[in-house]
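Each remark here refers to the structure printed beneath this line.
The values are calculated or read from the model by the stated rules, or taken from the named source; none is laboratory data. A quick note: this is a predicted structure, and the numbers were derived from the prediction, not measured. Glycine also receives a Cβ, built like all others from the backbone with ideal geometry; neighbour counts cover every protein chain displayed. Each accessible area value is taken on the protein alone, full model and side chains, heavy atoms only, with ligands, DNA and RNA left out. Shrake-Rupley method; radii C 1.70, N 1.55, O 1.52, S 1.80 Å.
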Amino acid sequence: MRPLEEALKIVLDNTKVLGTERIPLQDTYGRVLGEDVYSSLYLPPWDNSAMDGYAVKWEDIREASQDRPAKLHIMGDLRAGGMPDKSVRNGEAIRIMTGAPVPGGADTVVRVEDTKFEGNIVSIFRSGKMGENVRKKGENVRKGDLVLKTGTTIGSGQLGSMAMVGKPLVTVYRKPVVMVMSTGDELADLDEDLTENKIPNSNSYAVASQVSEAGGIPHILGIARDTKESLREKIGQGLAGDVLIVSGGVSVGQYDFVKDILKEYGIDMKFWSVGIKPGHPIAFGLVGERPVFGLPGNPVSTMVTFEVFARPVLLKMGGHPLFFRPLVDAVAEEEFHDRPGRTHFVRAIVRYKDGKYLVRSTGTQGSGVLMSMAYANSFMVLSSDKEKVLPGEVVKVQLLGGPVNYE
Ligand code: AMP
Ligand code: MG
C-alpha cells in the first residue's frame, strides 16, 4: 500500500498539460490563459472627466470660495462620446459629463455640486486642487502593457479586463475529454427498469459532474458488465478520450477483470493500492500518455478517490497552475474515532463561528453511504496514525467549494 503523498506525486508527475485552442472571449470563464495578453491601446485613450461638472483652468478658480465664487463663461457642452472642438481659455468653462475627453487648455474639472449656473455664467464655490476629477490618459492601462500572464485562471475580473482591451478571441488551454465508465452486473442505468437484482448506477453521474467541476468534458460511456468481453469493448471505446475513469471491478473479487483488460490494452500500471480511506484499492496507470484510473466501485470511495487523484490531474491537464482545494484549520465539535493505518477523508460539515471554523462529521461514514457526501461541504483529513479526535482539537479540513454557514 503506497502512502497518499507518494501516490499523488506519481500521478502528477505522469500528467502532461494539454495544448491550447482559440475561443471567443465570452466562453473563457473558468479556463486558463494560454497566451500573454498585452494592451493594444491606452485606457482611458485621453484625459477624461471623472465627474459631471465644468472643465476649467485651475488658476481661474484657485481663490474661489463659498462667499467669493469665481465666475466663468460657459463656452459649450461636452458629453461622453463627444470630442472637444474648442479649448478653454482664461475666464471660460466647458460643461462636461463623466467620461468625456477634457478639452485642451483645461486642467481641472469642478463637480456640478460645487457650482451654480445662470444663463451662460457659472459660479464656482470651491477651488479644490489642480487636476482634480481628471482621469489621465493611460492611467488604467497603457499601450503595450502586460495585462494578464499565461497560466492565469480566467474569472470575471480577468475576462472583463480582456474585454476592456478589446480582445474578441483568446488562446486558452484545452479542456480534457474524460471518458466515464461504470462496471457491474448489478447496475441499471437511469433509463432502465430496476429489476429486483439491480441498483441504480450512480457513479457515472457523480463522476461526470466532478469532471465538469474540474474543468473537464465528461463523456458517459454507460455500464460495462462484469465479463471480459463487455469490459474489453467499453474500455476500448474509453481510450478515445484524454483520460479514462472506470469505477468498480478493480478489487480482488472473482469478477474484477478491469485490471486484466487494461493490461491487454498495454497499460503501464503505476499503482493499484494506496493508503487512503475510503478508497482502497485504486488503480492508476498510463495507456500511451493517457491517464487511466480504476476507482473503487463503492460510491463514496469513487467520489473521494476522484477528488484526491483525478481532480488534480484534470486541473493540471487543463493548464491550471494550482491543483488543490483550500485547506483550513478547524476546531472539532465532537469526538471522532478512527482506525489508524490510512489517511482518512472524513466527510464533514464545516461552519464559521466567532472567528474560527468548526467541523463535525456528516455521521455514518460507510463507503457505500453516499448521503455522507450529499451532506458534506468538506473533508476532515486525518493522518494515517490518528486514532481519535477530541472535541476542541484542531484538525485539517479541506473545503469542497460549497456554501459555508457563517454565524
Ligand atoms: P466493486 O468495486 O465493483 O466491487 O463495487 C463495490 C460496491 O460498489 C458494490 O456494492 C457495487 O454494487 C457498488 N457499485 C459499483 N459501481 C457502482 C455504480 N456505478 N453505482 C452505484 N454503486 C456501484
Ligand atoms: Mg463490481
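A few notes on this one:
- Taken over segment 190-214, the criterion of being away from ligand 2 (no atom under 16 Å from the Cβ), open to solvent by 20 Å² or more (accessible area, probe 1.4 Å), touching a residue at least 12 places away in the same chain (Cβ under 8 Å) and not in a helix (DSSP H, G or I) is satisfied by Leu190 alone.
- Which listed residue is in a helix (DSSP H, G or I) and over 23 Å from the mean Cα position of the chain (by Cα), from Gly236, Gly249, Gly253: Gly236
- Out of Leu187, Leu169, one residue alone is within 16 Å of ligand 2 (Cβ to nearest atom) and either in contact (Cβ under 8 Å) with a residue 12 or more places away in the chain or not polar (S, T, N, Q) (or both). It is Leu187.
- For segment 267-284, the candidate set comprises residues that are among the small types (Gly, Ala, Ser) and over 27 Å from the mean Cα position of the chain (by Cα); within that set, the residue that is farthest from Ser182 (Cα to Cα) is Gly275.
- Within segment 256-277, restricting attention to residues that are outside any strand (DSSP E or B) and of a type in the set (Phe, Trp, Tyr), the residue that is least open to solvent (accessible area, probe 1.4 Å) is Phe257.
- Qualifying positions in segment 278-289 - open to solvent by less than 10 Å² (accessible area, probe 1.4 Å) and either more than 16 Å from ligand 2 (Cβ to nearest atom) or on the phi > 0 side of the Ramachandran plot (or both): Gly279, Phe284, Gly285
- In segment 225-250, the residue that is nearest to ligand 1 (Cβ to nearest atom) out of those that are touching a helix residue (DSSP H, G or I) at 6+ places or on another chain (Cβ under 7 Å) and free of Cβ contacts under 8 Å to residues at least 40 places away in the same chain is Lys228.
- Residue pairs whose Cβ atoms lie under 7 Å apart, separated by 6 or more positions or on different chains, with the first residue in segment 56-72 and over 15 Å from Ile121 (Cα atoms) and the second β-branched (Val, Ile, Thr) and open to solvent by 100 Å² or more (accessible area, probe 1.4 Å), do not occur.
- Of the residues Gly297, Gly253, the single one that is within 16 Å of ligand 2 (Cβ to nearest atom) and without any contact (Cβ under 8 Å) to a residue 12 or more places away in the chain is Gly253.
- Some residue of segment 323-330 being buried (at least 21 other Cβ atoms within 10 Å of the Cβ) and either over 14 Å from the mean Cα position of the chain (by Cα) or not assigned by TED's automatic domain parsing to the domain that holds Val11 (or both): yes
- Residue check for Ala310: outside the structural domain of Ser383 (by TED's automatic domain parsing), in contact with a Phe, Trp or Tyr (Cβ under 6 Å, 6 or more places away or on another chain) and within 15 Å of ligand 2 (Cβ to nearest atom): no
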